[in-house]
1. If you scan segment 40-57, which residues turn out to be surrounded by 15 or more Cβ atoms within 10 Å (Cβ to Cβ) and over 30 Å from Ser2 (Cβ atoms)?
2. Hey, could you check segment 90-137 for residues that are of a type in the set (S, T, N, Q), crowded, with 19+ Cβ neighbours inside 10 Å and within 16 Å of the ligand (Cβ to nearest atom) and say which is nearest to Val175 (Cα to Cα)?
3. Take segment 12-38 and flag every residue that is farther than 17 Å from Leu167 by Cβ, away from the ligand (no atom under 16 Å from the Cβ) and touching a residue at least 24 places away in the same chain (Cβ under 8 Å).
4. Within segment 60-89, count every residue that is of a type outside the set (S, T, N, Q), part of a loop (DSSP other than H, G, I, E, B) and exposed (fewer than 15 other Cβ atoms within 10 Å of the Cβ).
5. Just give me the residues in segment 107-135 being over 20 Å from Ser12 (Cβ atoms) and touching a strand residue (DSSP E or B) at 6+ places or on another chain (Cβ under 9 Å), in sequence order.
6. When you go through (1) more than 25 Å from Ala132 (Cβ to Cβ); (2) not in a strand (DSSP E or B) one by one for Ser35, which number turns out not to apply?
7. I'd like the full set of residues that are among the acidic types (Asp, Glu) and farther than 22 Å from Phe34 by Cα, limited to segment 128-183.
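Every number in this text was worked out from the coordinates using simple rules, so none of it is lab data. As the structure is a prediction and not an experimental result, all values here were calculated from the model. Glycine also receives a Cβ, built like all others from the backbone with ideal geometry; neighbour counts cover every protein chain displayed.
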Amino acid sequence: MSHYQIAVVVGSLRKDSFNRKLAYSLVKLAPPEFSFKQVQISDLPLYNQDDDANQAESVKRLKSEVRAAHALLFVTAEYNRSIPGVLKNAIDHASRPYGQNAWAGKPAGVIGASIGAVGTALAQQHLRNVLAYLDVPVLGQPEAFIHAKEGLFDEAGNIGADSKQFLQNWMDQYVAWVKKHVD
Ligand SMILES: Cc1cc2nc3c(=O)[nH]c(=O)nc-3n(C[C@H](O)[C@H](O)[C@H](O)COP(=O)(O)O)c2cc1C
């Protein structure tokens, strides 16, 4: 395949989100045949199974963007040792109605940044559980639990020097994972 379209899901709505910044700087480390588009999750209603037969336009949009992508990239914050509710809400929406799971079969990478010392490790583990159920093959190694601290990004919004090599390797492995599943 000559071109890979990746849907990026950021698990934070915060204006100055470290995870959104991480997503933007991380994708700059990908090869040119990869393009990335963040899917919007901020305007989704709270998931209600009663609406399965009549999904909101924002839910239809999310599902069609996920379906159109070859692969997924989740960049998530950690809230109270799990994934933020906004991310779980988006995942639930695009998994339904039953039998119409838009995530299924899309290879994915999971990464996240937090100000805490464990750097989203528990949130990522919970996310892996959810994605396993949804039939999403997730890159196992390398894991990347990013500590959001001074110097993570440079002034131009690129990954800072201390983390560049580590995250370049992560991206290289992610790219290989996507190609292995899509080609
Ligand atoms: C409701 C809430 C719960 C949080 N729980 C955790 C946590 O369990 N682990 C952690 O490392 N940081 C936690 N934090 C701090 C986040 O790491 C921090 O707010 C971070 O900036 C969130 O990511 P973002 O910048 O992408 O929004 C929590 C923050 C909030 C608002």
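1. Matches in segment 40-57: Leu44, Tyr47, Asp51, Gln55.
2. Only one residue tops the list, namely Gln124.
3. Glu33, Ser35, Lys37
4. Going through segment 60-89, the residues of a type outside the set (S, T, N, Q) turn out to be 60-63, 65-75, 77-79, 81, 83-88.
Checking which are part of a loop (DSSP other than H, G, I, E, B) leaves us with 69-70, 77-78, 81, 83-84.
Checking the rest, the ones that are also exposed (fewer than 15 other Cβ atoms within 10 Å of the Cβ) come to 81.
So the count comes out to 1.
5. Pro107, Ala132, listed by residue number.
6. Here Ser35 clears every test but (2).
7. Listed by number, the residues that qualify are Asp135, Glu150, Asp154, Glu155, Asp162.
Here's the yes/no breakdown for (1) within 12 Å of the chain's Cα centre (by Cα); (2) polar (S, T, N, Q):
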{"site": "Val39", "(1), (2)": "yes, no"}
{"site": "Asn54", "(1), (2)": "no, yes"}
{"site": "Val59", "(1), (2)": "no, no"}
{"site": "Ile83", "(1), (2)": "yes, no"}
{"site": "Gln100", "(1), (2)": "no, yes"}
